[in-house]
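Q: A single structure is presented below for examination.
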Amino acid sequence: MLAKPLYEPRLIPADKPFQGTIDDVLIRIDGIDPNRYEKTRNYLDGAVTWLSPYITHGVINTTTVAARLLEKHNPEACYQLLYELAWREYFHRTWQKFGDDIFDDIYHPQAGVESTHIPQPFIDAETGILVLDDGIKTVKDTGFMHNHLRMWIAGTLCNVAHTHWKQPARWLYYHLLDGDLASNTLSWQWIAGTFSHKQYIANQNNLNTYSRSKQHDTWLDRDYESLAKIATPVELQQRCEDLHLSQNTLGSDVPNRVNGKIALRSLWNLNPNWAPSRPVDETVLFIEQSQIDEWPMAQHRWDFIEHWVKQLGIEVWRGSVEELNQLANQGVQFVHEEYPACAHWPGDVTERTFYYDLPEKNFRSFSQFWKQVK
Ligand SMILES: Cc1cc2nc3c(=O)[nH]c(=O)nc-3n(C[C@H](O)[C@H](O)[C@H](O)COP(=O)(O)OP(=O)(O)OC[C@H]3O[C@@H](n4cnc5c(N)ncnc54)[C@H](O)[C@@H]3O)c2cc1C
C-alpha cells in the first residue's frame, strides 16, 4: 500500500478565475459565510473570500463589500471580516500619511539582516518545506496565495534567512494577482519588525497545524526559542542577486495633442461604477511606465487588468507624468481619484472611498487605528 503523502497540495480551486463581470463579484460577496470565515480563515483550506484582486484594483471597494455583507448578516457575525478590511484601510491610511517613505524601513531598521538578496531556493520553490514550495508554485501559476502562507514565507525569509524585506517583497508583489503597494510593503515590514514591535516567526508545527501537513525534520522544525537565534540554515545560503522580472504591459503612447477635460483612471481604479465628480469629454486609463518598471507584474496580473479594462471600454495610455504635464500646459484639464501612487499626477483630485473614517487622533499601530474606527 502507498504511504499517505506528508502534505497534500491545496491548489486554489478552478472556480476562482477572477474575471467575469461586476455582477459575478457581487454574487461572490453574497455567497460569503462570515461565521465560517471567522472559524476557518487561518487554515489554508479555510473559507476565505478571494476578494483581494478586485479590491486591490478598485473593481470593488471595501465600502461596497462591508455594506453588502451587513445587508445579509448581523454586525457581530461580520466582525472578523470587518476587522480584516480595516487592516487594508490601515495600510492605505499609513501610505497616505507617510507617502513614499513606506518603501524604506518605516519605524526601525530591520534587525539581524545578513543579506538584501532572497535565497535562491525560494525563487525555485525548493526550500524543502512542502507547504512553502507548493505555495510558491501556486502563486507563480495563479497569482494567489493565502494570508498565512504569505506570513510564513515572509517570516522565514526575513527572520530565519535574515534577508532584508525589500527584495523579497518586490518578488512576491510581482507574482501576486492582488499585489498592492501598501498592503504588501507594510505587511512585509510588519513581519520584519520595521513596522511593529517584534519580528514574526512561525515554526514547522505552526505550518503543520494550519496546512494539515505532517512534515518534520526540516530546518524549520525547531522550538521558537532556538528558531529566533539560529544563523541562516545552510539550505538557504545561496542567494539570488537579480530577480529578472520581465513583463508585458498594455496601452499606447500618450498622444501629443488632445483637447478638453479628461478623467484619468489608474491601475488601482478599475471600478465600473466610478464616475469623476464633474463632466469630462473622455476617460482614459493612464499607466505610468516608471512605476511599473519599478514594481513589475506577472502576465496573469496583466491578463486580469486587461479583462477589467475591456469591460470599461476605455483607451489606455502608457507613458510619463511629464507627458501629461505637457498636455496640461496645452490646456487639457485632468481629474483623477486620490491614490498615493498618483499624488504627482496633474489635475484635480477627487476623494477615494474608505469604509472607515480617518481617525481623529494620530495612530501608529493597527490597534490604535482600530480602537478609533471600530
Ligand atoms: C507578506 C504579506 C504580503 C501581503 N500582500 C498583500 C497584497 O499585496 N495585497 C493585498 O491585498 N493583501 C496583501 N496581504 C494581506 C492578505 O494576505 C491578503 O489581503 C489576503 O490574503 C487576501 O485574500 P482574501 O481576499 O481571500 O482575504 P480575506 O481573508 O477573505 O479578507 C477579505 C479582505 O480583507 C482584506 N484583508 C484581509 N486580511 C488582510 C491583511 N492581513 N492585511 C490587509 N488586508 C487584509 C483584503 O482586502 C481581503 O481581500 C499580504 C499579507 C502578507 C502577510
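Laboratory data are not the source of any read-out in this text; all were calculated from the coordinates shown. Owing to the predicted nature of the structure, the values given are computational and were not obtained by experimental measurement. Cβ: placed from backbone, ideal geometry, glycine included. Neighbour counts: every protein chain shown.
Q: Can you list residues from other chains, or at least 5 along the same chain, whose modelled amide H is less than 5 Å from the amide H of Glu282?
A: Long-range HN contacts for Glu282: Lys261, Ala263.
Q: For region 153-186 and region 65-79, what is the centre-to-centre distance using only Cα atoms, to the nearest Å?
A: So the two Cα centres are separated by 31 Å.
Q: Okay, moving on. Can you pick out the pairs among Lys39/Lys361; Lys97/Lys371; Lys39/Lys166 whose Cα atoms lie more than 22 Å from each other?
A: From the list (Lys39/Lys361; Lys97/Lys371; Lys39/Lys166), the Cα-Cα distance tops 22 Å for Lys39/Lys361; Lys39/Lys166.
Q: Which angle between 0 and 90 degrees, to the nearest 10, do you get for helix 299-312 versus the longest principal axis of the chain when only C-alpha atoms count?
A: Compared with the principal axis, the helix lies near 30 degrees.
Q: Report the calculated FRET efficiency for Asn273 and Asp223 (r = Cβ-Cβ distance, R0 = 41 Å), to the nearest 0.05.
A: Taking R0 as 41 Å, the efficiency between Asn273 and Asp223 is 0.20.
Q: Give me the dipole magnitude in Debye, nearest 20, for region 42-114 about the Cα centre, with unit charges on the beta carbon: positive for Lys and Arg, negative for Asp and Glu.
A: For region 42-114, the charge dipole is close to 420 debye.
Q: Run the quick spin-label model on Ile230 and Asp104: label points 7 Å from Cα toward the beta carbon, then report their separation in nm to one decimal.
A: About 3.4 nm separates the two model spin labels.
Q: So which residue, out of Arg265, Arg28, Arg41, gets the largest mean-square fluctuation from a GNM of the chain using Cα contacts under 10 Å as springs?
A: Maximum fluctuation in the GNM of the chain, among the listed residues, is at Arg28.
Q: If you keep only loop residues by DSSP, which GluC sites (Glu not before Pro) in region 158-247 have at most 11 other Cβ atoms within 10 Å of their Cβ?
A: Taking region 158-247 and a limit of 11 other Cβ atoms within 10 Å, the loop GluC sites (Glu not before Pro) found are Glu241.
Q: For Lys310 and Asn35, compute 0.36 nm times the residue count separating them, minus their Cα-Cα distance, and round to one decimal in nm.
A: 95.4 nm
Q: Quick one: go through region 339-357 and flag any residue whose amide nitrogen is under 11 Å from the point 7 Å out along the Cα-to-Cβ line of Gln372.
A: The answer is 357, whose backbone nitrogens lie closer than 11 Å to the label point.
Q: What FRET efficiency comes out for the pair Leu26/Asp242, r = Cβ-Cβ distance, R0 = 35 Å, nearest 0.05?
A: With R0 = 35 Å, the Cβ-Cβ based efficiency is 0.25.
Q: Ok, one more. Relative contact order for the chain using alpha-carbon pairs under 8 Å, separation at least 6, rounded to a whole percent?
A: Worked out over the chain, it gives 19 percent.
Q: Also, I was wondering about something else. Calculated FRET efficiency, Lys4 and Asp45, Cβ-Cβ r, R0 22 Å, to nearest 0.05?
A: The pair Lys4/Asp45 has a calculated efficiency of 0.85.
Q: Then there's this: Say the dipole of the chain comes from +1 at the beta carbon of Lys and Arg and -1 at that of Asp and Glu; which of Ile136, Cys78, Trp190 then lies farthest toward its positive end?
A: My answer, from the dipole projection, is Cys78.
Q: Using the Karplus curve 6.51 cos²θ - 1.76 cosθ + 1.60 with θ = phi - 60°, what ³J(HN,Hα) values do you get for each residue of region 57-74, in whole Hz, with x for Gly and Pro?
A: These are the phi-based 3J(HN,Hα) values: 8, x, 4, 9, 10, 5, 5, 5, 4, 5, 5, 5, 4, 6, 5, 9, 9, 7 Hz.
Q: I've got another one for you. Over region 120-236, what is the relative contact order in whole percent, taking alpha-carbon pairs under 8 Å and six or more residues apart?
A: 28
Q: I would also like to ask the following. Please find, in a Gaussian network model of the chain (springs between Cα atoms separated by less than 10 Å), the residue of Ala161, Ala192, Ala231 whose mean-square fluctuation is greatest.
A: Ala231
Q: Can you find, among Pro168, Leu51, Ser266, the residue farthest towards the positive end of the dipole of the chain? Put +1 on the C-beta of Lys and Arg, -1 on that of Asp and Glu.
A: Highest projection toward the positive end goes to Leu51.
Q: Any idea how far apart Asn74 and His197 come out in nm if each label point goes 7 Å out from Cα toward Cβ?
A: Between Asn74 and His197, the label points sit 3.4 nm apart.
Q: A further question on this structure: ³J(HN,Hα) across region 187-200 via Karplus (A = 6.51, B = -1.76, C = 1.60, θ = phi - 60°), whole Hz, x for Gly/Pro?
A: Coupling constants for region 187-200: 5, 4, 5, 5, 6, 6, x, 8, 10, 7, 8, 9, 6, 9 Hz.
Q: Name the most mobile residue of Tyr54, Tyr173, Tyr107, meaning the one with the largest mean-square fluctuation, in a Gaussian network model of the chain with Cα contacts below 10 Å.
A: Answer for the Gaussian network model of the chain: Tyr107.
Q: When Lys and Arg each count +1 and Asp and Glu each count -1, what net charge do the other residues less than 10 Å away from Pro276, Cβ to Cβ, add up to?
A: In short, +1.
Q: How big is the dipole moment of region 252-350 about its Cα centre under a simple scheme where the beta carbon of each Lys and Arg is +1, that of each Asp and Glu is -1, and everything else is neutral? Debye, nearest 20, please.
A: 260
Q: Just grab the label-to-label distance for Glu351 and Glu84, each label 7 Å out from Cα along the Cβ direction, in nm (one decimal).
A: 2.8
Q: What is region 252-350's relative contact order, in percent, from Cα pairs under 8 angstrom and six or more apart in sequence?
A: 39
Q: Please list, ordered by chain and number, the residues whose modelled amide H lies under 5 Å from the amide H of Asp348; skip anything fewer than 5 residues away on the same chain.
A: Those lying under 5 Å, H to H, from Asp348 are Phe334, Val335, His336.
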